[in-house]
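Below: one structure, written as structure tokens.
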Amino acid sequence: MVNMNVRIAVIGAGVMGADHARLFADELPHVELTTICDASEERARSIAEQFGVANVMTDPVEAATSDGIDAVVIASPDETHASLTIAALRAGKHVLCEKPLSQSSQECIQVMELEQKIGARRVQLGFMRRFDPSYVEVRAQLREGAIGKAVMLHCFHRNVTAPANFVGQMAITNSAPHEFDAARYLLDDEIVAISVFRPDVATVGGQAMPVFMVLKTAAGRLVNVEVNNNAGYGYDVRAEVVGELGSMFLRAPVHSELHAHQRAAELYPTDWRPRFAEAYRLQNKAWIDSIRSGQPPAFAANAWDGYCAARIAEAGVTALNSGTQEPIVLIDKPAFYGS
Ligand code: ISE
């Protein structure tokens, strides 16, 4: 479909669904945003009106399989991602699925099996950080040997407040998968074990208390990940890779600096959209380009990456409950997903 517009349905009209709709309607060429679907017709209609979209639907399976679309963005609640991906694949659609692909690695295997049966890579996963200029640059520098062999990675991931539906383990199953994928992507290494700790003194956050994870990689690197969904002060994601010859920090874009009352300050966004605005734009552009060209984007996350993140999260939940280090055993990587 090299010369054609890609006809898209967005499923889920929450924060991310609305942002995807905006990107496809206002920022990206070669797209026809035809449908917005949400369980709440009112919410779907409001996004559709905002971006001039013709169809409003409330049944996600109908939206994912409808004749009038080529591709579907799945931004509905986490537990619906895999089944909607499967429905869309069976109907011959391309899929951009928000993370996680599933909270069950078994379901990710079902998606991979179906994709292999179809014989074409049709699923891109919304690990948008792979497109973020800071992650791209750090990865490139690492590969060029700028800091020698990478031995440790420190990550932290903070939200202002956890959404009301957040329970304790969602720090691991919903937020941390970004870190799991970023670690695999930056280090080019698989995660083989995880331990999860919680600070006993923390009192803010109720069920959604901070978690502190230590991951081991196949090559013997160490990665620590703090997820704190009630940090209060702003959306703040950072990382430092420590190599044998130096270290590299990821940097968030800074657009201004406030000077007042004898202080200088940088402003924090209230959620991830401003921090990763360029990453989302580049991710969605790469997805459209890949559908039009028939070539999967070079470093986008695929169903295998979704499976790996789900396995790590599953092991993380077990480790949280057991208090012991949990091994992460993966199935053999299908040749279909490259080496
Ligand atoms: C949310 O679902 C996201 O995907 C954000 O990128 C992440 O930072 C946040 O922690 C998640 O809850």
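The values are calculated or read from the model by the stated rules, or taken from the named source; none is laboratory data. It should be emphasised that the depicted structure is a prediction, and the values quoted were computed from it without experimental measurement. Don't worry about glycine lacking a Cβ; one is built from the backbone with ideal geometry, like all the others, and counts go over all protein chains shown. Heavy atoms of the whole protein, side chains included, go into the accessibility calculation; ligands, DNA and RNA do not. Shrake-Rupley method; radii C 1.70, N 1.55, O 1.52, S 1.80 Å.
The number of residues in the range 150-168 being open to solvent by 40 Å² or more (accessible area, probe 1.4 Å), of a type in the set (A, V, I, L, M, F, W, C), in a strand (DSSP E or B) and within 13 Å of the ligand (Cβ to nearest atom) comes to 1. Quick check on this structure: which one of VAL196, VAL227, VAL211 is crowded, with 21+ Cβ neighbours inside 10 Å, of a type in the set (A, V, I, L, M) and within 11 Å of the ligand (Cβ to nearest atom)? Going through VAL196, VAL227, VAL211 in turn, the sole match is VAL227. What residue, of ALA310, ALA239, ALA264, is farther than 30 Å from LEU330 by Cα and of a type in the set (A, V, I, L, M)? Matching residue, one of ALA310, ALA239, ALA264: ALA264.
Looking across the range 239-290, the residues that are closer than 29 Å to PRO29 by Cα and of a type in the set (Phe, Trp, Tyr) come down to TRP272, PHE276, TYR280, TRP287.
The lone criterion from (1) in a strand (DSSP E or B); (2) within 16 Å of the ligand (Cβ to nearest atom) left unmet by ALA182 is number (1). The lone criterion from (1) surrounded by fewer than 22 Cβ atoms within 10 Å (Cβ to Cβ); (2) within 12 Å of the ligand (Cβ to nearest atom) left unmet by ALA171 is number (1). ALA202: more than 11 Å from the ligand (Cβ to nearest atom), open to solvent by 10 Å² or more (accessible area, probe 1.4 Å), over 17 Å from ASP305 (Cβ atoms) and not in a strand (DSSP E or B), yes or no? Taking the combined requirement at face value, the residue satisfies it. Is it true that some residue in the range 132-140 is in contact with a Leu (Cβ under 6 Å, 6 or more places away or on another chain) and among the hydroxyl-bearing types (Ser, Thr, Tyr)? Taking every residue of the range 132-140 in turn, at least one turns out to be in contact with a Leu (Cβ under 6 Å, 6 or more places away or on another chain) and among the hydroxyl-bearing types (Ser, Thr, Tyr). The set of residues in the range 68-94 that are within 19 Å of ASP289 (Cα to Cα) and acidic (Asp, Glu) contains only ASP70. Counting only helices (runs of 4 or more DSSP H) that sit completely within the range 77-149, those holding 2 or more residues that are surrounded by fewer than 16 Cβ atoms within 10 Å (Cβ to Cβ) correspond to 105-118, 133-143.
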